[in-house]
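One structure below.
The values are calculated or read from the model by the stated rules, or taken from the named source; none is laboratory data. Since the structure is predicted, the reported quantities are computational estimates derived from the model, not experimental observations. Neighbour counts run over all protein chains shown; Cβ positions are idealised from the backbone, glycine included. Areas reflect the complete protein model, heavy atoms only, side chains present, ligands, DNA and RNA absent. Shrake-Rupley method; radii C 1.70, N 1.55, O 1.52, S 1.80 Å.
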Amino acid sequence: MSLSADRLARAYRNGFLPGSRRTVFRDLSLTIRPGETFGLMGNSGAGKSTLGRVIAGLEPPTAGRVCFHGRDTALMNRSEYRAFRRSVQVMFQDPSAAFNPKKTIGTSYMEVLDLIGTPRPAQKAVIAGILESVGLSGELLGRYPHQISGGQSQRLALGRILLLDPEYIVLDEPTSALDVSVQAQILHLLKELQSERGIGYLFISHDEAVVRFMASRVGRIEDGRLVIEGEA
Amino acid sequence: MCAIIAINFALPRLMPGDPVMNLIGEDAMVTPAQLAEIRAKIGLDRPVTVQFVSCLGDLLCGDLGYSFHLHGPVAGILWSRMSWTLLFAGTAIVLGALIGIIAGALSGWKPETRRSRAVTCAAMAVSCTPPYFLAMLFLAFFAFRLGLFPAKGYYDVLTAGSVVHHLLLPVAVLTLFAASRNLLVMRGSVVQEKNSHYALYARAKGLFGRQILFRHLLRNASLPVITLVALDFGFIFSGALFIEIVFSLNGMGTLIYDAILARDYPLLQGAFLVIALLVVTANIIADLLYGALDPRVREGGV
Amino acid sequence: MRAMDALKSTNRGAMALLAVFLCMAAFPSLIAPYGPSERSMPYQAPGPEHILGTTNMGNDILSELIYGARISLLVGFASALLATGIGLAVGLTAGYFRGALDEVLMAFTDVVLIIPKIPLIIILAAFLRPGVGILILVLGALSWESIARVVRSKTLQVRETGFVMSARCMGFPPLRIMASDIVPNIIHVVLPKFMLATAAAMISEASLSFLGLGDPSMESWGAMVSSAFTKGGFIREMWWWYLPPGICITLCVLSVAAIGFAFEEGEGTTVRVE
Amino acid sequence: MNPVLEIDALSVTFCGKQAVHAVDRVSFSLGGGEILALVGETGCGKSVIAHAVMGLLPGEAQVSGRIVFKGRDLLALSERERSAMRGKDCAIVFQDPSRALNPVHRIGRQIAEPVLIHGAGSREEAHRRAAALLERMGLSPPGNYLPLYPCQSSGGMNQRFLIAASTILDPSLVIADEPTKGLDPGRVREVEDELVRLTGGGRTALLLITHDLAVARRIADRIAVMYAGEIVELAENDAFFDRPSHPYSRGLLQSLPEHGFVPIPGSSPSPVSPPPGCRFQARCRDGKAVCGGQHPDLVSAADGRMVRCWQCR
């Protein structure tokens, strides 16, 4: 029941000439098991975020496979892919862009529930339950994204992801834009949610201390290759 | 460029009516015998690909077809008229770019002052006026009312003084028009760049007032204007054609005007091809200039 | 703050002006003193009977002026609407899906961008002898490229934001993401472009009818200036003939463009100390 | 010894739709060769102080109090007099160097520019000084760096170029506004070394503005902690990190990695309408009745530190 990457590679085309490709990473394999946190470090521009996106299925790999529950995501049929799409979510760095600025938070929450077919009357209770577990009050639902602080925004983004009840979350620098005291709040919240719900995390950060605090296994991307600690 | 040639090739064949009539122009006086001879010569009975290849071959040799209306090869007729238009439009485009950049920079630097607002409003009014109407206003006022300038032609006698005297008014009109369009873009660009971090840092280094504008902002802010001037080349050039008509200058504008009245299609097509060629050239020059001014482009980055 | 106020007042003036022209276009028969085909003595100077005099055909100039608003606004707005529609579709598709589709669409856009519009329209108009419909089609089909480019670059930006990425991640269908997440967040750059495209189309229409390539069945402002120019009004300094339609073109285009610029500046960047 | 910079009861208010009290009666002084770190979270007003000292605030900011630089009150000077001092006597290093450097000019020109602006030498002289400065910074041969454009070098490099451009005229005061934000760890150290080198002669004072406590700990002599527009604690480096006094300072240090990311509950008060009593009271564990009612002043405590708290007296 794991999420794994098998000999992944990703390259971008650089200009129009064929062959002038820029390799971000290659030959990269890792496995995340349910309920555990895999920490991913690396300098800026090393390809951490790209790897996160490829594993979450937002970008296709140039080579290699992403497997969910042992099945190659590229070969999945429609319903399998839909299950994968909902079970693996990403949380992004920038709190100010986590929500559509033209919609209230409540609207952004409800459209997710509409998507997974929760009936309207039941939605209120679901949302209230989620907000409680991320430690926020229902009063925020009527606000627009620019009316809330960065820490609240990251909590709300996390809550919105939890509506889908995912098995894995890729956390792409989730606290890098936050102040230290707020960062500490969010990290504790993430740990709490993991122990309650058994979610697997891919925790991406350039901050070694944060990664070591969060993760049971740690890897580092260097020159396009993944070095997993303890497995050298 | 290929696309333009393709359009040029396709136009007469796709348009309604007899393609031969389209190719030679409706009001040209031809006998049925001549018509048949032309049909064979143009080779409309051959397959389209063959026609296209022969058309390309003609173009490479500089052959743009034959105007049955003016009884001469299109290329020759265009060439004789174009040099004047280029002189007139080129001067105005260069002057317009310079004036527009400087005036736009100054008005964007202090956008709230009364003078800057007045200049901006005037520029907007001018850029919203069809060039031919602007030309008519100038002509009526300076030439008819005040009698300061001649009303028609490029020259009385072919001397530099006479040419300048005749060209001053039309060049002024077109310069004004081009400058006002550039001014608006430059102004917006400066207003935006003014808020950038490097402008703030320039202030922090001790630069004062307009020093910041001229030492730092001018070059960055004029980059969008360069693109505009190139893309606008066709538009301003068309404006020049209209102004020629109003001032009765014997250039391409009047040529096209007469061609329209006479339905002289080969001439129109040739003119279009030449103008398109000029626009492409202008864009290539702009790209080179842009690269020289902005290292980010040379690096292949943004 | 003063700049904002000035902006608002320009905007209000422009809107009022546009409203006047819209009224002229909507109910010409109520406002105009004469019908479009009523004739009297030609070449009259302004007087109590004919406030702005008459043309060479004896038509009342004021009435022609009022009827002319309709064609100018119709051509302007309809072709801008068409252009915006095409531009939005091309820009969104290219920016959202990227890849090869993006490259093909943008190469095509560059070609359209570089074609000199007015000369091409002149040729087309000369071949086709257009009515209003064809004019709108041609103008619309040739002026979408700048909108497409702006929409694409904005879409590229918006699609990288967290909320679009998470919408994709959650499995919302692409069309829904475009309509509900992307378009509302780029519409502020499209709106001014729409107004400026309208203004440009109005100028193009006026230029074409000046060359006698407009719709022959409707007397537009450009055609009025043209006939004043060719039929002797200009040489005889009958300013009441060519001045009013010319000024109408300028004012009408100006009102539309001013609204567009006001939108654009209102969206401009603001200074922030972090 | 006379302080280089002395700030007395500095307040900055931004007048928009709502008046935002960004900085509220802040006082401190800075001596030659000293590094004072102003630390605090986003929105606490630390960058606003930097811009106020440089005179770079936008027009809608209202500044009161006194900023005395080498005996002259800066707020009493005209814009022209201030710009004559900027870049020569006092200089600032911005965060995000790739945006602070002009993208279309060469690095060499940008480093040499202050020399030309302030009439300190000819064009050749300016370039010679720029080259010499880069050489001193360990970037040799300078000929490799001077002709570069900002887009051709990395963020850490650009930050060092920016420091060079700010300090080519040996200003007595350098303000570094988040100079290490967004840099990789190795690069952070290089920038730190550069800043320490600056103050080495004992003439230049450095006001370091940062949210990164680790950087402050490594290089600062004294630490000033800001919370909601006020300084809540001002102490010597060692004293502060060993024995933080103010409850907020303690909470801040606890949320660092080495103390196990223990969070402070709640969030900062709004700068539009700060609470009447102690601004930290709502989040404070040892809050008492007096804290909610009366606003505490910044007073001297033991070992020469200053604290703004009713409970720490």
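Some notes on this structure:
- Total residues in region C:208-218, condition among the hydroxyl-bearing types (Ser, Thr, Tyr) and within 11 Å of chain B (Cβ to nearest Cβ): 1
- Residues being assigned to a helix (DSSP H, G or I) and open to solvent by 30 Å² or more (accessible area, probe 1.4 Å) - total across region D:266-291: 4
- Scan of region C:161-181 for residues that are part of a helix (DSSP H, G or I) and in contact with a Leu (Cβ under 7 Å, 6 or more places away or on another chain), ordered by number: C:Met165, C:Arg168, C:Cys169, C:Met170, C:Met178
- Selected residue (criterion: surrounded by the most Cβ atoms within 10 Å (Cβ to Cβ)) from residues of region A:60-72 that are within 14 Å of another protein chain (Cβ to nearest Cβ) and touching a strand residue (DSSP E or B) at 6+ places or on another chain (Cβ under 7 Å): A:Phe68
- Residue that is most open to solvent (accessible area, probe 1.4 Å), among those in region D:118-173 that are among the charged types (D, E, K, R) and in contact (Cβ under 8 Å) with a residue 24 or more places away in the chain: D:Asp170
- Failed item in (1) out of contact with any Ser or Thr (no Cβ under 9 Å at 6 or more places or on another chain); (2) closer than 30 Å to D:Tyr227 by Cβ, with A:Val210 passing the rest: (1)
- Per the conditions (1) more than 20 Å from B:Ala97 (Cβ to Cβ); (2) under 19 Å from the mean Cα position of the chain (by Cα); (3) open to solvent by less than 10 Å² (accessible area, probe 1.4 Å), the sole criterion not satisfied by B:Tyr201 is (2).
- For region C:83-98, the criterion of being within 13 Å of another protein chain (Cβ to nearest Cβ) and assigned to a loop (DSSP other than H, G, I, E, B) is met by at least one residue.
- In region C:219-260, of all residues being more than 7 Å from every other protein chain (Cβ to nearest Cβ) and charged (D, E, K, R), the one that is farthest from the chain's Cα centre (by Cα) corresponds to C:Arg236.
- Answer residue from region C:201-218, given it is surrounded by 24 or more Cβ atoms within 10 Å (Cβ to Cβ) and among the small types (Gly, Ala, Ser) and is nearest to the chain's Cα centre (by Cα) among those: C:Ala201
- Test: A:Leu131 is in a loop (DSSP other than H, G, I, E, B), within 25 Å of A:Thr175 (Cα to Cα), away from chain C (no Cβ under 11 Å) and in contact with a Gly (Cβ under 9 Å, 6 or more places away or on another chain): no
- All conditions in (1) over 19 Å from the mean Cα position of the chain (by Cα); (2) open to solvent by less than 70 Å² (accessible area, probe 1.4 Å) hold for C:Ile51, with the sole exception of (2).
- Of note, A:His188 satisfies the criterion of being assigned to a helix (DSSP H, G or I) and closer than 27 Å to D:Lys46 by Cβ.
- A count restricted to region D:65-86 and to residues that are within 11 Å of chain B (Cβ to nearest Cβ), open to solvent by less than 40 Å² (accessible area, probe 1.4 Å) and not in a helix (DSSP H, G or I) stands at 1.
- Unmet criterion (only one of (1) over 23 Å from B:Ala259 (Cβ atoms); (2) under 20 Å from the mean Cα position of the chain (by Cα); (3) more than 14 Å from chain B (Cβ to nearest Cβ); (4) modelled with pLDDT under 90) for C:Leu135: (1)
- Screening region A:15-81 for strands (runs of 3 or more DSSP E) wholly inside it with 2 or more residues that are of a type in the set (Ser, Thr, Tyr) and at pLDDT 90 or above returns the ranges A:21-32.
- Residues satisfying the stated conditions in region D:1-27, i.e. part of a loop (DSSP other than H, G, I, E, B) and in contact with a strand residue (DSSP E or B) (Cβ under 7 Å, 6 or more places away or on another chain): D:Pro3, D:Val4
- When region C:224-233 is filtered for residues that are open to solvent by 20 Å² or more (accessible area, probe 1.4 Å) and closer than 15 Å to B:Pro130 by Cα, only C:Phe229 remains.
- The set of residues in region D:44-59 being at pLDDT below 90 and within 8 Å of chain C (Cβ to nearest Cβ) consists of D:Pro58 alone.
- Tallying residues that are of a type in the set (Asp, Glu) and either open to solvent by 10 Å² or more (accessible area, probe 1.4 Å) or under 14 Å from the mean Cα position of the chain (by Cα) (or both) within region D:215-230 yields 1.
- Scanning region A:176-219 for residues that are open to solvent by less than 30 Å² (accessible area, probe 1.4 Å) and of a type in the set (D, E, K, R) yields a single hit, A:Asp179.
- Single residue of B:Ile243, B:Ile275 found to be within 10 Å of chain C (Cβ to nearest Cβ) and under 18 Å from C:Ser207 (Cα atoms): B:Ile275
- Tally of residues being open to solvent by less than 10 Å² (accessible area, probe 1.4 Å) and under 16 Å from C:His188 (Cβ atoms) across region C:147-172: 3
- Hits in region D:244-265 (condition: facing chain A (nearest Cβ under 9 Å), without any contact (Cβ under 8 Å) to a residue 24 or more places away in the chain and either surrounded by 16 or more Cβ atoms within 10 Å (Cβ to Cβ) or part of a loop (DSSP other than H, G, I, E, B) (or both)): D:Gln254, D:Ser255, D:Pro257, D:Gly260, D:Phe261, D:Val262, D:Pro263, D:Ile264, D:Pro265
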